[in-house]
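This report concerns only the one structure given below.
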Amino acid sequence: MRTGSEPRTARSPLRARFWLSVWGLLWAVLGTAAFVLAGRPGWAVACGVLSLVIAVDMAMILRHLRQGPHYQPGRDIPPYRPPDAGPPRPRPPYPRPPHPGPPGHRHP
């Protein structure tokens, strides 16, 4: 059920980000090793830097996960109640201005 308050009550996908980071770190480390063995130092350095960025991101994700339900609600925490917005407001009327058409044009 959509309530319209989803951006304010959304939950963070930290677990998904963690597993995607694990997958990315695995590929970056394998890429570094493959490029070192292939004799491509520029690409090896690029994959090494990417590995470092992914490792820092994983550390931040783990930090947020360990901070508990305040930062990452688990399955045992119920979803937030939608805010009580009161009665819906009526939409203002939008009159359509007449469209004169191109100048000098007449319909038969």
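The values are calculated or read from the model by the stated rules, or taken from the named source; none is laboratory data. Bear in mind the structure is a predicted one, so any value in this text is a computation, not a measurement. Backbone-built Cβ (ideal geometry, glycine too); neighbour counts: all protein chains shown.
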Original post:
When residues of the range 64-78 are filtered for being modelled with pLDDT of 65 or more and closer than 17 Å to LEU20 by Cβ, how many remain?
Top reply: 2
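For the subset of the range 29-54 comprising residues that are within 23 Å of LEU65 (Cα to Cα) and in contact with a helix residue (DSSP H, G or I) (Cβ under 6 Å, 6 or more places away or on another chain), which member is surrounded by the fewest Cβ atoms within 10 Å (Cβ to Cβ)? Break it down stepwise before answering.
Narrowing the range 29-54 to residues within 23 Å of LEU65 (Cα to Cα): 50-54.
If we keep only those that are in contact with a helix residue (DSSP H, G or I) (Cβ under 6 Å, 6 or more places away or on another chain) too, we end up with 50-51, 54.
On the way: LEU50: 17, SER51: 19, ILE54: 20.
By that ranking, first place goes to LEU50.
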